[in-house]
Amino acid sequence: MNIVVCVKQVPDTATERKLRSDDNTLDRDAADGVVNELDEYAVEEALRLKEAHGGEVTVLTMGPDKAADTIRKALAMGADKAVHLVDDALHGSDALSTSYAMAQTLKKIGFDLVILGSESTDARTGVLAAMLAERLGVAQLTLANKVEVEGSAVTIQRVTDYGYDKVQGSLPAVISVVEKINEPRYPSFKGIMAAKKKPVQKLGAAEAELAADQIGLGAAWSEVTEAAAAPPRAAGTVVKDEGDGGVKTADFLSSKKFI
Amino acid sequence: MDFGLSVEERQIRDTVRAFVEKEVMPLEPEVLRNERAGRPGIEPEVLRGLRDKARQMGFWGINTPEEYGGAALGPVMSAIIAMETGRTFVPFSFGGSADNILYAGNEEQKRRYLIPTIEGERRSCFAITEPGAGSDARNIRTRAVKDGGEWVINGEKTFITGGNEADFVMVFAVTDPEKGANGGVTCFLVDRDMGWKSEPIPTMGQWGPASLVFEDVRVPEENILGELGQGFQLAMQWIGQGRYMIPARAVGAAERLLQMAIDYAKIRKSMGRPIAEYQAIQWMIADSQVEIEAAKWLTLNAAWQVQQGRDARHAASIAKLNGAIMANQVVDRVMQIHGGMGYTKELPIERWYRELRLLRIFEGTDEIQRRTIARNLLRGHARLGTIGE
């Protein structure tokens, strides 16, 4: 099975994240880049499927040069090779144009199964899997906390508010995974050393045959017009127990729709 | 001159950091609770479980040769990894290593002692210090006398790290009083069931050494490690192994502590302002980082010299002396910044404070390190004006 895992480099959530003042896009130089956490689950799931069914795992990322670190981490975990879509013209691409660029590349490199994290911790649109499936004209199996492949049938458990739905599709397909699906492995020493020998193919916009009017800030359908820092957290509510602490607590939780 | 890490080195460092943060640090509250209740901080099975998990990922035998299943990453990477594991006070280290002098054993000794130690099936301890012989190890009195095909050992060892848990000891005894340290001291591999006894020595920190008593302990001739009379050289080899690892762990601990102080200074308010805004606090933070950085590079330099195959004893003494003093100064400032909270047992600072004090005493006191450094210079064994030469 030919599995492609899409990974994204995002600013470390533990550091202060900023938008650029000139075009309100993410300031990627301001924070350390790390692998989007949910993508680590996607890589793990791909590796498990490969271990169970054989085949090959390819990492696909779109991002600036320094996103190569993210590729290396996925290769160190055990992926076989990588494709890095990198071009200044891609800067500022929104979800729609990103899905275009990724879909074009996926068509070029071929796949049986595409696996993504369900969202990124930076933009958090959570729509890329659906857009990719649509653009590629293949089955869309999103928010999976369990994946099973049998022959050409893929079955997932899609997480819902009430539990999960069982959803089945046939290969080729696009899957997005949630964090409960597995426990991502740490790269091993051997994996880290082996990663540098694994092939990484760099593709520019021209090589990926991307239409210039479909990518980048100019092609974006959405625009960040303004950004403001989150307000500081307000003081919490203190419930004083005068014999009715339980009721007050329940009322409070109920008012917030927790119960 | 390149002070950077390669991509692979950085990735190994980051992976170890993630492992320590996700697998080891979460045990910290429980370790504190256990220790407060007078129990061992971490159960041996838990520690073993962690090591096994790490082993599956190849974190095993960091500096152990590959033919023994190790990763053989070398001294510099070992130091960097020790800085990472030093970030937590949970007494965790990666498994798969054994005392360097066990490699001096013959094939049978390697099979019985070295390999099981690497595998974590046996536990060793190194016993040279005696009540009357510390850094002046030449004065040891423990005696081994030949009787037929066996040696009979009598004497007492003290402050033996791991002595309570070990099932065999590398013990140094005088086999020829005439020659003393120059050919008259021998190292014996002695199983616990050959009759030596251990007694725990309670200390100020979590380091729980033992005193060992040998009363007519009979040891077969084949349990001599290395050659008869050449024990003192082995002892010096053991003591010299990875001395840079002590300041490396200290750097990790100090960085973690300083981060705690920085975080606390930003939220703790006094007289209406976060204490981080006061110069008194800022200077403590600044001085701490300056000292940590100095210790970090001295440590890496010592490890690098070992990696180059040089005699790194001088550099290691400098790093150990500096790192031990640095850690004590930093933990003291961090406690000061935390004020009353720092002094409580709610936070791990007081625990670290007690533990780090040991660094200035064991494996050569500050005074012994200074003596070594000064003598090397006075006798011309070390030169001034060198850079990595």
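Within the option set B:273, B:268, B:218, being more than 26 Å from the chain's Cα centre (by Cα) and free of Cβ contacts under 8 Å to residues at least 12 places away in the same chain holds for one residue only, B:273.
For the criterion of being of a type outside the set (Phe, Trp, Tyr) and more than 14 Å from every other protein chain (Cβ to nearest Cβ), residue B:117 passes. The residue pairs whose first member lies in segment B:287-299 and is within 9 Å of residue B:248 (Cα to Cα), whose second member is open to solvent by less than 40 Å² (accessible area, probe 1.4 Å) and aliphatic (A, V, I, L, M), and whose beta carbons are closer than 7 Å, counting only pairs six or more residues apart or on different chains, are B:295/B:250; B:295/B:251; B:295/B:326; B:296/B:251; B:299/B:79; B:299/B:248; B:299/B:251; B:299/B:319. Of all positions in segment A:83-91, none carries a residue that is small (Gly, Ala, Ser) and under 17 Å from residue A:10 (Cβ atoms). Segment A:1-83 holds strands (runs of 3 or more DSSP E) entirely within its bounds, and those carrying 3 or more residues that are crowded, with 24+ Cβ neighbours inside 10 Å map to A:2-7, A:56-62. Within segment B:191-202, the only residue that satisfies the criterion of being surrounded by fewer than 16 Cβ atoms within 10 Å (Cβ to Cβ), of a type outside the set (A, V, I, L, M), part of a loop (DSSP other than H, G, I, E, B) and at negative phi is B:202.
Quick grid of which residues meet (1) assigned to a helix (DSSP H, G or I); (2) in contact (Cβ under 8 Å) with a residue 24 or more places away in the chain:
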{"residue": "B:113", "(1), (2)": "yes, yes"}
{"residue": "B:135", "(1), (2)": "no, yes"}
{"residue": "B:158", "(1), (2)": "no, yes"}
{"residue": "B:164", "(1), (2)": "no, yes"}
{"residue": "B:178", "(1), (2)": "no, no"}
{"residue": "B:187", "(1), (2)": "no, yes"}
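Candidates A:246, A:191: the one that is in a helix (DSSP H, G or I) and touching a residue at least 60 places away in the same chain (Cβ under 8 Å) is A:191. For segment B:224-239, the count of residues that are modelled with pLDDT under 95, within 13 Å of the chain's Cα centre (by Cα) and open to solvent by less than 50 Å² (accessible area, probe 1.4 Å) is at least one. Annotation note: of B:39, B:33, the sole residue that is more than 11 Å from chain A (Cβ to nearest Cβ), out of contact with any helix residue (DSSP H, G or I) (no Cβ under 8 Å at 6 or more places or on another chain) and assigned to a loop (DSSP other than H, G, I, E, B) is B:39. Among residues that are open to solvent by 70 Å² or more (accessible area, probe 1.4 Å), in contact with a helix residue (DSSP H, G or I) (Cβ under 9 Å, 6 or more places away or on another chain), over 22 Å from residue A:38 (Cβ atoms) and not acidic (Asp, Glu), residue A:248 is not included. Restricting segment B:349-389 to residues that are open to solvent by 40 Å² or more (accessible area, probe 1.4 Å), over 18 Å from the mean Cα position of the chain (by Cα) and in contact (Cβ under 8 Å) with a residue 24 or more places away in the chain, the residue that is farthest from residue B:91 (Cα to Cα) is B:381.
Of the residues making up segment A:178-199, those that are within 12 Å of chain B (Cβ to nearest Cβ), surrounded by 13 or more Cβ atoms within 10 Å (Cβ to Cβ) and over 15 Å from residue B:56 (Cβ atoms) number 4. Just one of (1) within 10 Å of chain A (Cβ to nearest Cβ); (2) touching a Ser or Thr at 6+ places or on another chain (Cβ under 6 Å) fails for residue B:24. It is (1). In segment B:73-84, the residue that is farthest from residue B:12 (Cα to Cα) out of those that are open to solvent by 10 Å² or more (accessible area, probe 1.4 Å) and away from every other protein chain (no Cβ under 14 Å) is B:75. Scanning segment A:90-110 for any residue that is under 19 Å from residue A:180 (Cα atoms) and touching a Gly at 6+ places or on another chain (Cβ under 6 Å) turns up nothing.
Scanning segment B:54-72 for residues that are out of contact with any Ser or Thr (no Cβ under 8 Å at 6 or more places or on another chain) and more than 9 Å from chain A (Cβ to nearest Cβ), we see that the one that is most open to solvent (accessible area, probe 1.4 Å) is B:67. Close Cβ contacts (under 9 Å, 6 or more residues apart or on different chains) running from residues in segment B:192-206 that are in the same structural domain as residue B:361 (by TED's automatic domain parsing) to residues that are outside any strand (DSSP E or B) are absent. Looking across B:159, B:188, B:172, B:168, one residue alone is surrounded by 18 or more Cβ atoms within 10 Å (Cβ to Cβ) and more than 19 Å from residue B:222 (Cβ to Cβ). It is B:159. Residues in segment A:52-78 that are within 14 Å of chain B (Cβ to nearest Cβ) and either touching a residue at least 60 places away in the same chain (Cβ under 8 Å) or closer than 21 Å to residue A:2 by Cβ (or both): A:68, A:69, A:70, A:71, A:72, A:73, A:74, A:75, A:76, A:77, A:78.
Contact annotation: residue pairs with Cβ atoms under 9 Å, 6 or more positions apart or on different chains, pairing a residue in segment B:1-17 that is at the interface with another protein chain (Cβ under 7 Å from one of its Cβ atoms) and farther than 15 Å from residue B:71 by Cβ with a partner that is open to solvent by 70 Å² or more (accessible area, probe 1.4 Å) and of a type in the set (D, E, K, R), are B:7/A:196.
For segment B:226-307, give me every one of the helices (runs of 4 or more DSSP H) that falls completely inside it and has 1 or more residues that are of a type in the set (Asp, Glu). Break it down into steps so the answer makes sense when it comes.
Working: elements: B:231-240, B:245-267, B:279-307.
Those helices (runs of 4 or more DSSP H) span B:245-267, B:279-307.
The set of residues in segment B:319-348 that are surrounded by fewer than 23 Cβ atoms within 10 Å (Cβ to Cβ) and within 17 Å of the chain's Cα centre (by Cα) comprises B:322, B:325, B:328. Listed by first and then second residue, the pairs with beta-carbon distance under 8 Å, at least 6 apart or on different chains, first residue in segment A:125-144 and under 20 Å from residue A:61 (Cβ atoms) and open to solvent by 30 Å² or more (accessible area, probe 1.4 Å), second of a type in the set (Phe, Trp, Tyr) and in a helix (DSSP H, G or I), are A:135/A:100.
The values are calculated or read from the model by the stated rules, or taken from the named source; none is laboratory data. Because the structure is a prediction, the values reported are computed rather than measured. Cβ coordinates were reconstructed from backbone atoms using ideal geometry, including for glycine residues, and neighbour counts include every protein chain displayed. Side chains included, ligands, DNA and RNA excluded: accessible areas come from the protein's heavy atoms. Shrake-Rupley method; radii C 1.70, N 1.55, O 1.52, S 1.80 Å.
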